[in-house]
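The values are calculated or read from the model by the stated rules, or taken from the named source; none is laboratory data. Since this is a predicted model, take the numbers as computed values, not measurements. For neighbour counting, all protein chains shown are included, and Cβ atoms are generated from backbone atoms with ideal geometry for every residue, glycine included. Just the protein is used for accessible areas: all its heavy atoms, side chains included, with ligands, DNA and RNA removed. Shrake-Rupley method; radii C 1.70, N 1.55, O 1.52, S 1.80 Å.
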Amino acid sequence: MSKDIKEYLRLDKFPHIWCPGCGHGIILQAVLRAIDRLQLDRDNIAVVSGIGCSSRAAGYVDFNTLHTTHGRALTFATGIKLAKPELTVIVLTGDGDCSAIGGNHLIHAARRNIDLNVIVFNNSIYGMTGGQYSPTTPTTDYAATAPYGNIDNAFDLCELTRAAGASYVARSTTFHAAQIPLLVEKGIKNKGFSFIDIITACPIYYGRMNKMPDAVDMLKTQRDNARNIKQWDIMTAEEKQGKFVIGELYNKPAPEYTDAYRQLREKTHAL
Ligand SMILES: Cc1ncc(C[n+]2csc(CCOP(=O)(O)OP(=O)(O)O)c2C)c(N)n1
Ligand code: SF4
């Protein structure tokens, strides 16, 4: 039977640190809904995060949790999964955490197709440290470290992880909150590296610096620029300008790393 998601929270850790209008709480509740729908035993779940406003999420949930170091969530998660492959391992991470300092770990975890479920709280900025640009800050947007506009090209994290070897890739936004649990649920069911990119709002830094100080404006922007995969596939390159695709983008089973490791151990022990 479905639980009140509050039952999955460590309410003694509240109030949380998130600013009014921050989208991170929307993502956290959606992840908890997915876990609830799957009726997973909470003792068999490990939630791992790095450092950042988003990464604080791990501390608020009542599972086995590990709040690690900046950029290293995937390394800790890989160790946990190799030691205890029976666990469902969920990584809650920010765009800075997983694609700047942690970018190398991200591509290699995807390359191995290790059975981790990575949920990126992608607000296109370093929220916790005052709004520096991240690898997902769009070109020409403003940040504390790009006062004249960002000249870098942004990563499309879904394209990146898909190309690296992830077997499940999806994207949604905090405006499309009802879609997130469905994608997370499918990601958890996938035996392999599942990457779910959630576009979220940091009104305090990204919003304020990019003419969207109001959290509602940021949600409207997500609504206006997201296109579901069916629409996306028939749009012209011109129509895609400034828009992004949401939904299940890739889902193709592939050999999984801890399985391969177990088979190797069985083989070598038999020799
Ligand atoms: C090794 C190391 N480098 C830098 C930092 C400073 N730091 C803490 S959080 C953070 C960025 C967080 O951004 P993101 O992961 O996008 O999460 P958000 O706060 O936006 O949710 C940085 C650079 C750190 N804690 N450790
Ligand atoms: S600084 Fe930004 S990302 Fe951090 S809690 Fe506030 S709104 Fe959220």
Next on the checklist: I need the fraction of alpha carbon pairs in region 194-271 separated by more than 20 Å, rounded to a whole percent.
Outcome noted: 58
Checklist entry - Calculated FRET efficiency, residue 220 and residue 62, Cβ-Cβ r, R0 35 Å, to nearest 0.05? => result 0.55
Checklist outcome for this item: region 5-270 accessible area per residue, 1.4 Å probe, protein heavy atoms, integer Å², reads 47
Checklist outcome for this item: Expected vector for region 38-46, Karplus 3J(HN,Hα) from phi with 6.51, -1.76, 1.60 and θ = phi - 60°, integer Hz, x for Gly and Pro, equals 7, 6, 6, 6, 5, 6, 9, 10, 10
Checklist entry - For the pair residue 178 and residue 239, how long in nm is the line joining their label points, each one 7 Å along Cα→Cβ? => result 2.4
Checklist entry - Quick one: what Rg and Dmax do you get for region 5-270 from the alpha carbons, in Å? => result 17.9, 64
Checklist entry - Once amide H atoms are placed 1.01 Å from N in the peptide plane, what residues at a sequence separation of 5 or more from residue 144, or on another chain, have their amide H within under 5 Å of its amide H? => result 132, 133
Next on the checklist: Suppose R0 equals 25 Å. What FRET efficiency, 1/(1 + (r/R0)^6) with r the Cβ-Cβ distance, do residue 156 and residue 3 give to the nearest 0.05?
Outcome noted: 0.10
Next on the checklist: How high is the relative contact order of region 57-171? Use alpha-carbon pairs under 8 Å, at least six apart in sequence, and give a whole percent.
Outcome noted: 20
Item to check | Separation in nanometres of the label points that stand 7 Å from Cα toward Cβ, at residue 14 and residue 145 | outcome: 3.4
Next on the checklist: Take residue 264 and residue 231, extend 7 Å from each Cα along the Cα→Cβ direction, and tell me the distance between the two endpoints in nm.
Outcome noted: 4.5
Item to check | Cα-centred dipole magnitude for region 5-270, charges only on beta-carbon of K, R (+1) and D, E (-1), debye, nearest 20 | outcome: 360
Checklist entry - Under 13 Å from the 7 Å Cα→Cβ point of residue 254, by amide nitrogen: which residues of region 75-113? => result 107-113
Next on the checklist: Can you return the lysines within cross-link range of residue 84? Criterion is Cα-Cα under 26 Å, with same-chain partners fewer than 8 residues away left out.
Outcome noted: 186, 189, 191, 252, 267
